[in-house]
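A short write-up of the structure that comes next.
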2 protein chains.
Amino acid sequence: MDRLLKRILVLEKLIERNEWRIKDLAWETGLGVDEVVDTLQGLSKHYLIEIGEDEVLWNPVDIPGTLHPWGWRLIHRSVLGSTQNAARGRGPWSIVVAEYLVSARGRHGKTWRTDFGGLWFTIVPQVGLDELPDVPIAAPVIIARSIKSLYGIDVSIRWPNDIMVEGKKLAGVLVEAEAFPRYAYVYVGIGINVNNKPPVREAVSLRRLAGIQPRNRLLATIIGWFSRLKKLLEEREKLRDQYRSLLDTIGREVVVETVDGTVEGTAVDIDDAGSLIVEAGGDKKRFSPGDVYRLRYKEQG
Amino acid sequence: MDRLLKRILVLEKLIERNEWRIKDLAWETGLGVDEVVDTLQGLSKHYLIEIGEDEVLWNPVDIPGTLHPWGWRLIHRSVLGSTQNAARGRGPWSIVVAEYLVSARGRHGKTWRTDFGGLWFTIVPQVGLDELPDVPIAAPVIIARSIKSLYGIDVSIRWPNDIMVEGKKLAGVLVEAEAFPRYAYVYVGIGINVNNKPPVREAVSLRRLAGIQPRNRLLATIIGWFSRLKKLLEEREKLRDQYRSLLDTIGREVVVETVDGTVEGTAVDIDDAGSLIVEAGGDKKRFSPGDVYRLRYKEQG
């Protein structure tokens, strides 16, 4: 706990300014110089931080707050409860990024604590009501394509919207919306394991796949796609095709956990509403994303 | 840990502004409204916080940051390593107050974590070099007299500078100095158990003695005495008499823990340098404050 608080104290100052004399950092945080150096060394496993004799530098290409994406208001914080909640107070065209989340929200109200060094953010596009149903498909497509193009990593989508590499989860999406008569604000919460320790054994990070990475290129690429979201949503069939071609769920033996119990079977298709069709004991069952707590592939046990 | 972080997140915002709509507080911290209300309820045991239906108010008389003592620069923070370290970067005539300390420093390099609701601060007077030796005596006299006058509580001093009530520790002092050719900055670290849970069983808080208290009256009174420190130090004999009359150590059976081991005996006097003289097995031993880790009274086991 002390270690966590010290990291937060130091990170808070580094977000304020990316270059510090270590002595000044000690004064500002009230930590001893040794404590600051220890803390920086811990943080440097998760961030592009260079620790010199007397000074420390956090590389701006790893600091989301240095981005000023055109048309968006980006807020960068050290700690928040969840970026989804924080984005509610900011409205459309805002992006909230935090380094540490105390009560990060996953699907179905699950909450968890993050590690340092990931990309945890909520981006809030405004879309037409008719476009709204395709946002949960657009988001994983955007993330998958961004990672693929930047890192050349072969990513796929596990229904409905987990981003997977070699059967392990690299990123997750949570889509929430606030609908008005003519439009909706969509709160697209995105968590990508970049330089953090993956939260569970069945997850993986970019650091593990390719070494520690500066985060801004990835973040900027994703934001760029969201700037073109309208166009993406207009070409609905193309988007759905892209989603389908990234999806690795069809044809798999799956275990579907729902409120009503667990179903095992073969994933055979998804329909236009994004529901998964599973053949189990001769029956075809249809699952909407909202009803499924968890989807596992049977091969992985 | 989550509870601690949530409290820090909320407190940080309440220090920024003492009145909030709960919904805004949720947005700002990224916590859910329920989480905010829970957190506020926890904090209200340590602070004069009133939680309404939709709003919350922290009474300004309990917020150190609302004080602007003449001639001093007061800095109020939610979390710091230690106020002693933080004060180093601020120089003379500064006062650093924090609500939570991750590595609060005690005498002899011991570190500990605070609870919420105490008064943890460092005040930095500048004194003449000839006055320096009496500051460690002046500090506990100031604290003892302030508490006595405001609360009518019968406090005493346990050598060298613990503030005691009914044999239990209510406040502690750590004096550090930075000496120059003609003067010295004195970093007087003061910790008073006001509305916090006392850190150990052998300690007590004002809340336990007299119910939850607004802290600014006490803090302002102590700062007022430090504004008159020069005068106090000029009347050296009077100050020493006051110290002696508050000291409840003389005549006691004591256990003195030092680097060289433990000595049991009777405290018979203090000398002009502030050393304690203990009669043990016919011998008289002299202990300077810097050599003693811990002094206990034998009656208390």
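The values are calculated or read from the model by the stated rules, or taken from the named source; none is laboratory data. All values reported here derive from a predicted model rather than from experimental measurement. FYI the Cβ positions are ideal-geometry reconstructions off the backbone, even for glycines, and counts take in every protein chain you see.
Taking B:LYS23 and the conditions (1) closer than 26 Å to B:LEU67 by Cα; (2) within 13 Å of chain A (Cβ to nearest Cβ); (3) touching a residue at least 24 places away in the same chain (Cβ under 8 Å); (4) in a helix (DSSP H, G or I), which numbered condition does it fall short on, given that it satisfies the others?
Failing condition for B:LYS23: (1).
Within the range B:64-88, which residues are assigned to a helix (DSSP H, G or I), within 14 Å of chain A (Cβ to nearest Cβ) and touching a residue at least 24 places away in the same chain (Cβ under 8 Å)?
Scanning the range B:64-88 gives B:THR83, B:GLN84, B:ALA86, B:ALA87, B:ARG88.
Taking the options B:LEU132, B:LEU174, name whichever one is under 30 Å from B:GLY91 (Cβ atoms) and more than 15 Å from the chain's Cα centre (by Cα). Explain how you work it out, then say what you get.
Numbers: B:LEU174 fails: more than 15 Å from the chain's Cα centre (by Cα).
Result: B:LEU132 is the single residue among B:LEU132, B:LEU174 that is under 30 Å from B:GLY91 (Cβ atoms) and more than 15 Å from the chain's Cα centre (by Cα).
Output the number of residues of the range A:177-206 satisfying the condition of being surrounded by 17 or more Cβ atoms within 10 Å (Cβ to Cβ) and among the acidic types (Asp, Glu).
Here the count works out to 0.
Identify all residues within the range A:98-118 that are acidic (Asp, Glu) and surrounded by 22 or more Cβ atoms within 10 Å (Cβ to Cβ); write none if there are none.
Selection gives A:GLU99 alone.
Per-residue answers, yes or no, for (1) touching a residue at least 24 places away in the same chain (Cβ under 8 Å); (2) more than 11 Å from chain A (Cβ to nearest Cβ); (3) more than 24 Å from B:ALA210 (Cα to Cα); (4) of a type in the set (D, E, K, R):
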position	(1), (2), (3), (4)
B:TRP120	yes, no, no, no
B:ILE123	yes, yes, yes, no
B:ASP130	no, yes, yes, yes
B:ALA138	yes, yes, yes, no
B:ALA144	yes, yes, no, no
B:SER149	yes, yes, no, no
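Spot the failing condition for B:THR111; the list is (1) at pLDDT below 95; (2) more than 18 Å from A:LEU5 (Cα to Cα), and only one is missed.
(2)
Going through A:LEU246, A:LEU209 one at a time, which residue ends up being within 30 Å of A:LYS45 (Cα to Cα) and surrounded by 13 or more Cβ atoms within 10 Å (Cβ to Cβ)?
Only one candidate passes the filter, namely A:LEU209.
Would you list the helices (runs of 4 or more DSSP H) that sit entirely within the range A:204-301 and hold 1 or more residues that are over 24 Å from A:THR114 (Cα atoms) and assigned by TED's automatic domain parsing to the domain that holds A:TYR151?
Hits in the range A:204-301: A:216-227, A:229-234, A:236-246.
Could you tell me which numbered condition B:ARG201 fails, if it satisfies all but one of (1) over 12 Å from the mean Cα position of the chain (by Cα); (2) in contact (Cβ under 8 Å) with a residue 24 or more places away in the chain?
Unmet condition: (2).
Considering only residues of the range A:216-231 that are hydrophobic (A, V, I, L, M, F, W, C) and in contact with a helix residue (DSSP H, G or I) (Cβ under 8 Å, 6 or more places away or on another chain), which is surrounded by the fewest Cβ atoms within 10 Å (Cβ to Cβ)?
A:TRP225
If I ask for residues that are surrounded by fewer than 18 Cβ atoms within 10 Å (Cβ to Cβ), more than 8 Å from chain A (Cβ to nearest Cβ) and free of Cβ contacts under 8 Å to residues at least 40 places away in the same chain, which ones from the range B:1-12 would you list?
Across the range B:1-12, the qualifying residue is only B:ARG3.
Do the conditions hold for A:GLY89, that is, is it at pLDDT below 95, farther than 28 Å from A:ILE212 by Cα and not hydroxyl-bearing (Ser, Thr, Tyr)?
For A:GLY89, the condition - at pLDDT below 95, farther than 28 Å from A:ILE212 by Cα and not hydroxyl-bearing (Ser, Thr, Tyr) - is met.
Would you mention how many residues in the range A:89-116 are facing another protein chain (nearest Cβ under 9 Å) and either within 19 Å of A:HIS68 (Cβ to Cβ) or hydrophobic (A, V, I, L, M, F, W, C) (or both)?
Number satisfying all stated conditions: 5.
Which residue, of A:ILE142, A:ILE95, is touching a Pro at 6+ places or on another chain (Cβ under 9 Å) and either crowded, with 16+ Cβ neighbours inside 10 Å or in the same structural domain as A:PRO214 (by TED's automatic domain parsing) (or both)?
Just a single option satisfies the conditions, and that option is A:ILE95.
Restricting attention to the range B:123-147, report how many residues are charged (D, E, K, R), under 21 Å from B:PHE180 (Cα atoms) and in a helix (DSSP H, G or I).
Number of matching residues: 1.
Evaluate the range B:111-122: report whether one residue or more is part of a helix (DSSP H, G or I), touching a strand residue (DSSP E or B) at 6+ places or on another chain (Cβ under 9 Å) and among the hydrophobic types (A, V, I, L, M, F, W, C).
No, that holds for no residue.
Within the range A:34-63, which residues are surrounded by fewer than 17 Cβ atoms within 10 Å (Cβ to Cβ) and either of a type in the set (Asp, Glu) or touching a residue at least 60 places away in the same chain (Cβ under 8 Å) (or both)?
A:ASP34, A:ASP38, A:LYS45, A:GLU50, A:GLU53, A:ASP54, A:GLU55, A:ASN59, A:PRO60, A:VAL61
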